[in-house]
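Some notes on the structure that comes next.
The values are calculated or read from the model by the stated rules, or taken from the named source; none is laboratory data. On a predicted model such as this, the values are computed, not experimentally measured, just so you know. Cβ: placed from backbone, ideal geometry, glycine included. Neighbour counts: every protein chain shown.
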Ligand code: F6R
């Protein structure tokens, strides 16, 4: 969840690190800090708040030094305070560290170190790392040895980095179940949780794997296992372009990413046919299929299951990743587990995949982030390549996932006619984006309603869930997504005079039953916002979407819901890029 970046090179570290932090702010934005190594030892500036606010207060660029580490925080242990912001330092400013993850044995270690007269300044689990490194470094005077002893002492998950007052030319890092990647630049090297934090400087990277440490000394760097064995890492060139991380002319990343979808959909649809073939062979051969994903990716998974059953006549099961362990007794070597994830770093997804692998299952993934932990845990990956998604709410990654899912389904049933119709979808998404003004009007009308309902049937039900999730997380208005048929089983009791209900109602096999639902709700005073290709007198407000093949409506109808959530948030003066309490890449379980 937290974003971390380190730099060692020929340039001043502070501006590079500050820029890197800004790029990663989506990972966590309750506090931030930078520590550099200068001729005067370790220099440190940090505070709570957003990076730009902190920078105005402390002026990060005052920090001298060509080596430094920086952190943007999403609090897990310890409240949002100056003391709990990273970097953390050991006694006497000997070592500074930044950490992403959770140290499970920090209570025991803290007690032990306090008995040895270490003074702690924060309530965080992370501070322990600075004190441990200092302790072990003092014993041997050797950085690598101190680092190995530290990682062998820690329990939990971590990607951390450290600088040492008495080692003027070194940054070290370690990785266990949290991402860490090395960037190889011309004038310096990087170590970060996210490639985008340094992509302005280099696209050549080396991914650290779990249970690996790195010692970066000047221009050189050595990677070792936690047992101290040296490893040679491969250099990968990543495809993302630096410009993709700018907001361009848009007010927020979220709306920029919503508008990017015609382009990102086109990219996602262009899959390597050999890889698609391998993927569908695995689907055909598997005795059973489990889909695992969280949040928005889970909603894409629900559509995947619907299409597998309806179109390909393939039975599959789906579970949110945090509940996946309930199925573990049923998973075996004839099981194919398909993981869906934008980031490829979601801890719950990774845990489910690891459980599945322990049972001997095959794991295939559909994801965005190249080189992510999930991509390296899976036997096969299909990437939807929608570029970095910076807005915390998933938008273009959702439709990117759907595009890959459709490619798989239509290949599975060898339906080239449907594949051609799929290729037409980006054009239809463009048409929906052109109706934004109407959606702003609707957002203005309903922005102060404290409860909104989203209703859909069949393939539209996951979109109802997704529409409600987007509205909740961006505007903080309460919203619920419901299956049309379920209304009478309880939730109809909530419908009263003036309640807004958004109905996903394209003219398909669900249309007539939805009209019945609409009548029931209207009879109780609901205000109906129809999302359909066909106007109907029953709608109080209407969001027109183009007519497309009935299977493809999910991609087209989710766009206005994303826009509605975005504009409601803006009208309610929320920052849609950084919703409260949330962070992108949920790397804790
Ligand atoms: C919602 C959202 C989250 C993510 C979820 C899974 O807008 O962004 O619900 O979809 O945390 O993340 P990934 O797809 O990265 O595994």
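Within segment 485-506, the set of residues being closer than 21 Å to residue 302 by Cα and either modelled with pLDDT of 95 or more or in the same structural domain as residue 299 (by TED's automatic domain parsing) (or both) comprises 502, 503, 504, 505, 506.
For segment 320-342, enumerate the residues that are within 16 Å of the ligand (Cβ to nearest atom) and within 20 Å of residue 279 (Cα to Cα).
Taking segment 320-342 as the starting set, the residues that turn out to be within 16 Å of the ligand (Cβ to nearest atom) are 320-324, 337-342.
Passing the criteria: 337, 338, 339, 340, 341, 342.
Return the only residue of 78, 65 being outside any helix (DSSP H, G or I), assigned by TED's automatic domain parsing to the domain that holds residue 162 and over 16 Å from residue 101 (Cα atoms). Please lay out each step first, then the result.
Details: 78 fails: over 16 Å from residue 101 (Cα atoms).
The conditions single out 65.
Name the residue that is nearest to the ligand (Cβ to nearest atom), counting only residues in segment 348-373 that are out of contact with any helix residue (DSSP H, G or I) (no Cβ under 6 Å at 6 or more places or on another chain) and assigned to a helix (DSSP H, G or I). So, considering only residues that are out of contact with any helix residue (DSSP H, G or I) (no Cβ under 6 Å at 6 or more places or on another chain) and assigned to a helix (DSSP H, G or I), the one nearest to the ligand (Cβ to nearest atom) is 351. Does residue 270 count as farther than 29 Å from residue 22 by Cα and under 24 Å from the mean Cα position of the chain (by Cα)? It is true that residue 270 is farther than 29 Å from residue 22 by Cα and under 24 Å from the mean Cα position of the chain (by Cα).
Before we move on, is residue 515 within 16 Å of the ligand (Cβ to nearest atom), at pLDDT 95 or above and either touching a helix residue (DSSP H, G or I) at 6+ places or on another chain (Cβ under 9 Å) or assigned to a helix (DSSP H, G or I) (or both)? Answer is no for this residue.
Scan segment 546-585 for residues that are within 28 Å of the chain's Cα centre (by Cα), free of Cβ contacts under 8 Å to residues at least 60 places away in the same chain and away from the ligand (no atom under 16 Å from the Cβ) and jot them down.
Applying the first criterion (within 28 Å of the chain's Cα centre (by Cα)) to segment 546-585 yields 551-585.
Right, trim to free of Cβ contacts under 8 Å to residues at least 60 places away in the same chain and you get 573, 581.
Listed by number, the list holds a single entry, 573.
The listed residues are 275, 313, and the only one of them that is away from the ligand (no atom under 16 Å from the Cβ) and on the phi > 0 side of the Ramachandran plot turns out to be 313.
Kindly indicate whether residue 468 is outside the structural domain of residue 397 (by TED's automatic domain parsing), free of Cβ contacts under 8 Å to residues at least 24 places away in the same chain and under 23 Å from the mean Cα position of the chain (by Cα).
Details: outside the structural domain of residue 397 (by TED's automatic domain parsing): yes; free of Cβ contacts under 8 Å to residues at least 24 places away in the same chain: yes; under 23 Å from the mean Cα position of the chain (by Cα): yes.
Here the answer is yes, as residue 468 does meet what is asked.
When 257, 234 are screened for being in contact (Cβ under 8 Å) with a residue 12 or more places away in the chain, within 16 Å of the ligand (Cβ to nearest atom) and either in a loop (DSSP other than H, G, I, E, B) or not assigned by TED's automatic domain parsing to the domain that holds residue 23 (or both), only 257 passes.
Hey, does segment 424-434 have a residue that's within 14 Å of the ligand (Cβ to nearest atom) and within 24 Å of the chain's Cα centre (by Cα)?
Initial filter on segment 424-434 (within 14 Å of the ligand (Cβ to nearest atom)): none.
No, because not a single residue in segment 424-434 is within 14 Å of the ligand (Cβ to nearest atom) and within 24 Å of the chain's Cα centre (by Cα).
If we scan segment 288-298, do we find a residue that is free of Cβ contacts under 8 Å to residues at least 60 places away in the same chain, in contact with a helix residue (DSSP H, G or I) (Cβ under 9 Å, 6 or more places away or on another chain), more than 16 Å from the ligand (Cβ to nearest atom) and in the same structural domain as residue 331 (by TED's automatic domain parsing)? For segment 288-298, residues free of Cβ contacts under 8 Å to residues at least 60 places away in the same chain, in contact with a helix residue (DSSP H, G or I) (Cβ under 9 Å, 6 or more places away or on another chain), more than 16 Å from the ligand (Cβ to nearest atom) and in the same structural domain as residue 331 (by TED's automatic domain parsing): present. Against the list (1) modelled with pLDDT of 95 or more; (2) surrounded by fewer than 15 Cβ atoms within 10 Å (Cβ to Cβ), the condition residue 304 fails is (2).
Residue by residue, here is whether (1) without any contact (Cβ under 8 Å) to a residue 12 or more places away in the chain; (2) within 25 Å of the chain's Cα centre (by Cα); (3) part of a strand (DSSP E or B); (4) within 22 Å of residue 27 (Cβ to Cβ) holds:
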| position | (1), (2), (3), (4) |
| --- | --- |
| 186 | no, no, no, no |
| 190 | no, yes, yes, yes |
| 196 | no, yes, no, yes |
| 221 | no, no, yes, no |
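The residues of segment 518-556 that are surrounded by 20 or more Cβ atoms within 10 Å (Cβ to Cβ), touching a strand residue (DSSP E or B) at 6+ places or on another chain (Cβ under 7 Å) and assigned to a loop (DSSP other than H, G, I, E, B), listed by number, are 526, 545.
Of the residues contained in segment 536-545, none is found to be under 22 Å from residue 440 (Cβ atoms), within 16 Å of the ligand (Cβ to nearest atom), in contact (Cβ under 8 Å) with a residue 60 or more places away in the chain and under 32 Å from the mean Cα position of the chain (by Cα). Kindly indicate whether residue 191 is in contact with a strand residue (DSSP E or B) (Cβ under 7 Å, 6 or more places away or on another chain) and within 22 Å of residue 44 (Cβ to Cβ). When the stated conditions are applied, residue 191 passes them. Against the numbered list (1) surrounded by 24 or more Cβ atoms within 10 Å (Cβ to Cβ); (2) away from the ligand (no atom under 13 Å from the Cβ), residue 386 comes up short only at (2).
Among the numbered conditions (1) on the phi > 0 side of the Ramachandran plot; (2) buried (at least 22 other Cβ atoms within 10 Å of the Cβ), the only one that residue 360 does not meet is (2). For segment 50-62, a residue qualifies if it is in a loop (DSSP other than H, G, I, E, B) and within 15 Å of residue 29 (Cβ to Cβ), and exactly one does: 50. Look at residue 34 and say whether it is touching a residue at least 60 places away in the same chain (Cβ under 8 Å), under 18 Å from residue 194 (Cα atoms) and not in a helix (DSSP H, G or I). The answer is no for residue 34.
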